[in-house]
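The values are calculated or read from the model by the stated rules, or taken from the named source; none is laboratory data. Only a predicted model underlies this, so the values are computations on that prediction, with no experimental measurement involved. A quick note on method: Cβ atoms are made from the backbone with ideal geometry, for glycine too, and the neighbour counts reach across all protein chains shown.
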């Protein structure tokens, strides 16, 4: 049976300044027996510091309509304030047409987030258009059977009618490429909806909530705060966004809220099985061959605790693989026993450009290394682009990574290729 979720927000949040985190202790005015169903509140990453936070509750009614109390057959999901300022919600509701964008080189989190928002907006009677710098990658075509996701080359004119832009899964609008530049040329604002850590910037407007495990999870809260419906068609791409960015719910930032959100999406009647299969069990055979080449080129450092590879352009010779296939292989490197940090360097989008990606296990934080190179990301998944000799940059990065590992975990007990599998 298909159901929908509607958010009913009680209370207000007011903010002043730039990005910060705030721990909000919430109190329910419900009957104690009902309140006991709610989880303990979580720490919310707010886009701006809290000048004042009124205690409030978000009620999830999982079968449509607004309700002060949930129906008995559904468990209330959580009790805490949403991280969206009233002015942001009001402006989104007032927009005649919303332009939805994501970062250059889109992934399932950005695509799923904007598609879920687009579908929910339509159900709520609001017009929105999706225009990205790039077309939807073939590996994610299944997420958009109605082909609502447009690219700049074919759909730039759609931006002319928009009066507000939202860019998902990017902490600064510039990462959206040509659609964002077009909106700016037209004198129209572009706001961010994201969960990536970043430096505070006075010229960026929107919401950056860094304790959310994915932008998809944050969009769930946004739709509830707006009071817009979430049916199975909205839930499916949002679930895909969450599953992708958490590695099939392995990387949750220790937030039980993430799994409760996934459960609420499943209660709409959506089917998670084809989504999981499309994301994690549909690798083409050519990508298996590519993975073998990547593994053969991988080297190890610091007693086997660092796996690193420079993927030369010819590594894909003779293989019919999508442009992002090389980047997908880093998950295998960090998934290796004993490896604490994986470094991958591959060709970038422009001539002479290279892209560096870092992944790490929970004991080592590496996000600062990417930020020092002008990039960004999370503590355990980050990246940057650069121009120059990739092997020289790799040597510099290896020194920084080794310092991070030894500073956070300690020196390796046994060194050498025989004991660790380290390449000579």
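Listed here are the residues, each with its yes/no results for (1) more than 26 Å from residue 141 (Cβ to Cβ); (2) more than 25 Å from the chain's Cα centre (by Cα).
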| position | (1), (2) |
| --- | --- |
| 313 | no, yes |
| 317 | no, yes |
| 322 | no, no |
| 326 | no, no |
| 331 | no, no |
| 339 | yes, no |
| 366 | yes, no |
| 376 | yes, no |
| 381 | no, no |
Practice task
Return yes when residue 164 is over 26 Å from residue 385 (Cβ atoms), buried (at least 17 other Cβ atoms within 10 Å of the Cβ) and in contact (Cβ under 8 Å) with a residue 60 or more places away in the chain and no when it is not.
Solution key: yes
Exercise for the section: Please verify whether region 404-412 includes one or more residues that are touching a helix residue (DSSP H, G or I) at 6+ places or on another chain (Cβ under 7 Å) and in a strand (DSSP E or B). Expected result: no
Practice task
Looking only at region 120-132, decide whether some residue is within 23 Å of residue 91 (Cβ to Cβ), part of a helix (DSSP H, G or I) and under 22 Å from the mean Cα position of the chain (by Cα).
Solution key: yes
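Residue-by-condition table, conditions (1) within 18 Å of residue 371 (Cβ to Cβ); (2) buried (at least 16 other Cβ atoms within 10 Å of the Cβ):
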{"position": "173", "(1), (2)": "no, yes"}
{"position": "181", "(1), (2)": "no, no"}
{"position": "184", "(1), (2)": "no, no"}
{"position": "187", "(1), (2)": "no, no"}
{"position": "191", "(1), (2)": "no, yes"}
{"position": "196", "(1), (2)": "yes, yes"}
{"position": "201", "(1), (2)": "yes, no"}
{"position": "204", "(1), (2)": "yes, yes"}
{"position": "211", "(1), (2)": "no, yes"}
Exercise for the section: Any chance you could count how many residues in region 232-271 are without any contact (Cβ under 8 Å) to a residue 40 or more places away in the chain and assigned to a loop (DSSP other than H, G, I, E, B)? Expected result: 8
Completion exercise
Flagged in region 142-178 as within 14 Å of residue 114 (Cα to Cα) and part of a helix (DSSP H, G or I), in numbering order, are 143, 176
Exercise for the section: Please tell me if residue 261 is in the same structural domain as residue 166 (by TED's automatic domain parsing) and either modelled with pLDDT of 95 or more or closer than 21 Å to residue 341 by Cα (or both). Expected result: yes
Handout entry: Residues that are assigned to a strand (DSSP E or B) and surrounded by fewer than 16 Cβ atoms within 10 Å (Cβ to Cβ), drawn from region 379-403
Key = 385, 387
